[in-house]
1. Please work out which one of (1) over 19 Å from residue B:134 (Cβ atoms); (2) open to solvent by 10 Å² or more (accessible area, probe 1.4 Å); (3) within 14 Å of the chain's Cα centre (by Cα) is the condition residue B:67 fails and give its number.
2. Name the one entry in B:58, B:131, B:98 that is within 14 Å of chain A (Cβ to nearest Cβ) and basic (Lys, Arg).
3. Could you go through region A:304-312 and let me know if any residue there is of a type outside the set (Val, Ile, Thr) and at pLDDT 85 or above.
4. Among A:138, A:162, which is within 12 Å of chain B (Cβ to nearest Cβ) and surrounded by fewer than 23 Cβ atoms within 10 Å (Cβ to Cβ)?
5. In region B:41-64, what residues are under 22 Å from residue A:254 (Cβ atoms) and buried (at least 19 other Cβ atoms within 10 Å of the Cβ)?
6. For the list (1) under 17 Å from residue A:190 (Cα atoms); (2) touching a helix residue (DSSP H, G or I) at 6+ places or on another chain (Cβ under 7 Å), I need the number of the one condition that residue A:268 fails.
7. Looking at region A:1-57, which of the residues that are in a helix (DSSP H, G or I) and small (Gly, Ala, Ser) is most open to solvent (accessible area, probe 1.4 Å)?
8. Answer yes or no: is there a residue in region A:237-246 that is on the phi < 0 side of the Ramachandran plot and within 14 Å of chain B (Cβ to nearest Cβ).
Amino acid sequence: MTELTDVAESDLRGIRDLDIDDVLAYVHRDLKRLPDYTELYKRYLRQRWDVYELDFSQDVADWRERMTQEERDAFVGISAGFHHGERQVEVELPVFMLGGSEESKIYMSSQIEDEARHTVFFDRFYREVVGMPGDSVQEVLDASFEHVSETFVGPFGLLAYQADELRKDPEDPAARVRYGTTYFLWIEGVLALSVMKITLTYCRERGFLPGYYTGFTATCRDEARHVQFGMRFLRDSVQEDPRLLLQIHETLRTILAINGAASRRLALESLGWTPEEVRRLMIRQLHMKLTDVGIAIPPDIREMVSRIEPELAGG
Amino acid sequence: MRFFTPEWAEAARAAVDAGPERAGKLPTYWNWIDRARTGYTATWALGVRETGEYLVLRWKDGKCAEAEITSDPSAADYVLAAGADTWRELREGADPGRVVMYRQLRLERGDVLAFFRVIYFFVESLAALSRLRTD
Ligand SMILES: [Fe+2]
Ligand SMILES: [Fe+2]
């Protein structure tokens, strides 16, 4: 438990020394209990960090001199997903804040701020370390878009259209649950945590990119609050109206149906990951949320889950 | 050929039916699209917000059977619309996946989950019809 207390209480300097596996354990520790929205908001106030305090000077040297071209390509190929992902979850979240309880709205204000800060984190990394050109946040995003694989484009697009649907009636419980399944369960609970595990394990094992490691590990700790909020929201929604479980299922059917498409190959082997390991990682991330939160899934979805493609980023 | 004329609509039908150039993307990606397309029966209406005109594409059993230009898209399963700027960007080579991800083409009517279940088939169809030469 000591490690997990360290995870909860570290400042940015201390986060640099944390093991990413302890942070991932911290994400899941509270899934069975699921803290309420006010507790998560209080935690946010203690854990927020300053993205402009990060120092990328060693990262620049590692990127240019110590990493191979193959490693750089794989790293950009996978992290570009969340360069765009952080922006997507930032801009599509305000519409969700319009519905729900007052406690939920107060908590949501903190998550919107987190996601904006995460967007700045990637903007700084892509600008200062990778060296992508651009004067504005949008220009840097445009420069990295070609590296974003379908694994991310599909779910982020789905979220954008679900947010538009929610805009018509922000209190519609079924639309909120469908949106929440894509956002909190799949994009945060599976895609984000998988990208974190892959890139941060690489950084830690090789001793590379300390600025990225610190910022994205702090991001992962923020993600613990987001995923716990989301799983609490889904659990409470289904407890209140069991028919909403079908909305989770329909959303998962669409997500899993589009998950297999990848137009390019990306060799994650150079970061130390085989396709089979990536596949197991994603399945485990999804299973942990579903079982800990008690979301039952029918046989056809279980079958789709077991077929999850190894091509997290197309390879 | 002028954009959003009957002649262009027929060329768009033929282009989406043939699909885009397959070079440069993994065969497994096209397999996914072929599976999504097999037996696909639905009608898409793709509009220009400023003029209120829609290109209606009717898919029947995986073939794009009919196309027309209309200002009444009410018979379509999925009604989408974008501004003239977005259509111009697409004709100039903008990535259609990016256009979807940034919701530049809005779904005005239709089931979001069902629409997304074939999303890359839709994206590649949008690519195919955007590449038609127009003046
Ligand atoms: Fe985030
Ligand atoms: Fe998040």
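1. (1)
2. The match here is B:98.
3. So in region A:304-312, the residues of a type outside the set (Val, Ile, Thr) come out as A:304, A:306-307, A:309-312.
Next cut, at pLDDT 85 or above only: A:304.
Yes, some residue in region A:304-312 is of a type outside the set (Val, Ile, Thr) and at pLDDT 85 or above.
4. Numbers: A:162 fails: surrounded by fewer than 23 Cβ atoms within 10 Å (Cβ to Cβ).
It is A:138.
5. Within region B:41-64, B:44, B:45, B:46, B:57, B:59 qualify.
6. Condition not satisfied by residue A:268: (1).
7. Start the filter on region A:1-57 by keeping residues that are in a helix (DSSP H, G or I), which leaves A:2-9, A:12-15, A:20-29, A:37-47, A:51-53, A:57.
Narrowing the set further to residues that are small (Gly, Ala, Ser) leaves A:8, A:14, A:25, A:57.
On the way: A:8: 30, A:14: 23, A:25: 45, A:57: 76 Å².
Among residues in region A:1-57 that are in a helix (DSSP H, G or I) and small (Gly, Ala, Ser), the one most open to solvent (accessible area, probe 1.4 Å) is A:57.
8. First, pick out the residues of region A:237-246 that are on the phi < 0 side of the Ramachandran plot: A:237-246.
Subsequent filtering for residues that are within 14 Å of chain B (Cβ to nearest Cβ) retains A:246.
Checked region A:237-246: at least one residue is on the phi < 0 side of the Ramachandran plot and within 14 Å of chain B (Cβ to nearest Cβ).
The values are calculated or read from the model by the stated rules, or taken from the named source; none is laboratory data. From a predicted model like this one, the values you see are computed outputs, not experimental measurements. When we count neighbours, we look across all protein chains shown, and the Cβ atoms used for this are built from the backbone with ideal geometry, even at glycine. SASA here: full protein model, heavy atoms, side chains in, ligands and nucleic acids out. Shrake-Rupley method; radii C 1.70, N 1.55, O 1.52, S 1.80 Å.
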